[in-house]
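What follows is a single structure, written as structure tokens, with notes after it.
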Amino acid sequence: MGNASAAAKMNGGSSHSSLSGDSVVTLQRRVVDDDETPTSAKLHHPSLFGKDMHHRFIAKLLDYFLYSLPLILLTFFAAGLAIAMLSSDILRRVDVTDTVLTIVQREVKPLIKMFTGEEEVSPLYTMGINMKVKHVLNRTLPPAKAALFAMGMAKLFVLEIGPLITALLLSGRIGGSYAGEVATMQSTAQNKLLMTLGISPVAWTFVPSLFASLLASPLLTMAGTALALEIGAHVGPKYGIGDVQSYRRRVWESVFVPLRLRGVTSLSKNYGDKTLLESVFSLLDFRCTFSDSYVDTIIEIMTHPFFFLLLKSLVFITIIVAVAEIEARRKADLTPRGVPKVITTSVVVGSLLVIFADWGFSQLLLKREFGEASFEFLVSANE
């Protein structure tokens, strides 16, 4: 009525006469500029990325792989360069010419005296023998050195240095990061909150982190090992040890050796005299060519250079993540002050267990049956 009276006073008597009848007055709210909400102050829905396990898996995989890749590559670049230079320099300095000539002179002279009947061997005989021995050595030693260099680099990095260095680096990178994350959640009661919500803390953090590390570790190991071996291809020729193409071929043959299983070797045999059923059964024969024991078959597969690298990297990273998980959740009353100690303990204990596991793998490698094929590189190098 107050608004209506004010409107009547403003409009005069006409308004007064209009209000006296059955008229309807409509009140509208005046639009004020202050009532408009700015665009920047509008509420946005929070991101739900990370709620599902595959989201956390992708985030962990990118974290573990991309952020660790520069560290792995730089480390293997330095290690590959140092080991290749040292090995090439040692092989270049190896000279057995004088030793071989001395042995030849001592062993051949009595034979010449016996066949010729002379008391003194003619200097011409001695000169001819020395020239022939030097020619043979100059023809056989360089290829043998190149083959030994390529095989040594391949076996050293694939079987031992590659998985071990990667695991020790990831013990600090992945193990320390995961231990710090879980320990922080433990000290701030986030794990208790997850259990209150009916969510397993292990499934929330450990499962995606474990699968991400199991995928990242072999990839990082192969990337670092490949870089170190490729550096050897360019360092060796600088010291006069082989060439790039022959080095790469010998490294490939040393890493991807054929499995000595009867089913694998039967693939190269002629099936003309066999029926289809016999051919299928021969392919399914997983026994070794040198033994009937399936234990030797397991050892043959596990110690194959490529499978050995993958197996070691998977076992090492499992040890690292498991140690970090156990150490971070060990104390239920963990405080933020104890988080750094948890990180340090998990890195140190994980590294020590990796070194111990590496010793176990070396004992397994000694169980491998090394036949004459292990020395075929010398024969092929001299052909």
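The values are calculated or read from the model by the stated rules, or taken from the named source; none is laboratory data. Remember, predicted model here, so these are calculated numbers, not experimental data. Here Cβ is always computed from backbone atoms with ideal geometry, including for glycine, and neighbour counts include all displayed protein chains. Please note that ligands, DNA and RNA were not included when accessible areas were found on the heavy atoms of the full protein model with its side chains. Shrake-Rupley method; radii C 1.70, N 1.55, O 1.52, S 1.80 Å.
In a helix (DSSP H, G or I), of a type in the set (Lys, Arg) and within 40 Å of the chain's Cα centre (by Cα) - does that describe any residue in region 164-179? If you could, list the steps in order and put the result at the bottom.
First, pick out the residues of region 164-179 that are in a helix (DSSP H, G or I): 164-179.
Subset that is of a type in the set (Lys, Arg): 173.
Subsequent filtering for residues that are within 40 Å of the chain's Cα centre (by Cα) retains 173.
Within region 164-179, one or more residues are in a helix (DSSP H, G or I), of a type in the set (Lys, Arg) and within 40 Å of the chain's Cα centre (by Cα).
Being within 22 Å of MET222 (Cα to Cα) and of a type in the set (Ser, Thr, Tyr) is the filter here, so list the residues in region 287-306 that pass it. Write out each step before concluding.
First pass over region 287-306, keeping only residues within 22 Å of MET222 (Cα to Cα): 299-306.
Listed by number, the list holds a single entry, THR303.
If the requirement is being open to solvent by 80 Å² or more (accessible area, probe 1.4 Å), free of Cβ contacts under 8 Å to residues at least 12 places away in the same chain and within 14 Å of the chain's Cα centre (by Cα), which of these qualifies: LEU66, LEU86?
Values: LEU86 fails: within 14 Å of the chain's Cα centre (by Cα).
None of the other options fit; the residue is LEU66.
Give me the pairs: first residue in region 219-238 and within 17 Å of LEU86 (Cα to Cα) and among the aromatic types (Phe, Trp, Tyr), second residue in a helix (DSSP H, G or I) and modelled with pLDDT of 95 or more, beta-carbon distance under 8 Å, and six or more apart or on different chains, which are they?
none
Kindly check whether there is at least one residue in region 293-312 that is surrounded by 14 or more Cβ atoms within 10 Å (Cβ to Cβ) and not in a helix (DSSP H, G or I).
yes
Does region 210-259 hold any residues that are surrounded by fewer than 21 Cβ atoms within 10 Å (Cβ to Cβ), of a type outside the set (A, V, I, L, M) and outside any helix (DSSP H, G or I), and which are they?
GLY240, ASP243, PHE256, PRO258
Can GLY162 be described as of a type in the set (Gly, Ala, Ser) and surrounded by fewer than 17 Cβ atoms within 10 Å (Cβ to Cβ)?
Numbers: of a type in the set (Gly, Ala, Ser): yes; surrounded by fewer than 17 Cβ atoms within 10 Å (Cβ to Cβ): no.
Taking the combined requirement at face value, the residue does not satisfy it.
Give the residues of region 176-218 that are without any contact (Cβ under 8 Å) to a residue 24 or more places away in the chain, touching a helix residue (DSSP H, G or I) at 6+ places or on another chain (Cβ under 8 Å) and among the hydroxyl-bearing types (Ser, Thr, Tyr), sorted by residue number.
Of everything in region 176-218, just one residue is without any contact (Cβ under 8 Å) to a residue 24 or more places away in the chain, touching a helix residue (DSSP H, G or I) at 6+ places or on another chain (Cβ under 8 Å) and among the hydroxyl-bearing types (Ser, Thr, Tyr), namely SER200.
Restricting to region 320-337, name every residue that is surrounded by 20 or more Cβ atoms within 10 Å (Cβ to Cβ) and not charged (D, E, K, R).
Of everything in region 320-337, those that are surrounded by 20 or more Cβ atoms within 10 Å (Cβ to Cβ) and not charged (D, E, K, R) turn out to be ILE320, VAL321, VAL323, ALA324, ALA328, LEU334.
Find all pairs meeting these conditions: Cβ atoms under 9 angstrom apart; at least six residues apart or on different chains; first residue within region 155-173 and on the phi < 0 side of the Ramachandran plot; second residue outside any helix (DSSP H, G or I) and open to solvent by 10 Å² or more (accessible area, probe 1.4 Å).
Taking only residues 6 or more apart or on different chains, the pairs are ARG173/TYR67.
Inside region 95-118, can you point out the residues that are aliphatic (A, V, I, L, M) and open to solvent by 70 Å² or more (accessible area, probe 1.4 Å)? It would help to see each step written out before you state the result.
We begin by selecting, within region 95-118, every residue aliphatic (A, V, I, L, M); these are 96, 100-101, 103-104, 108, 111-112, 114.
ILE103, LEU111, MET114 - these are the residues of region 95-118 that are aliphatic (A, V, I, L, M) and open to solvent by 70 Å² or more (accessible area, probe 1.4 Å).
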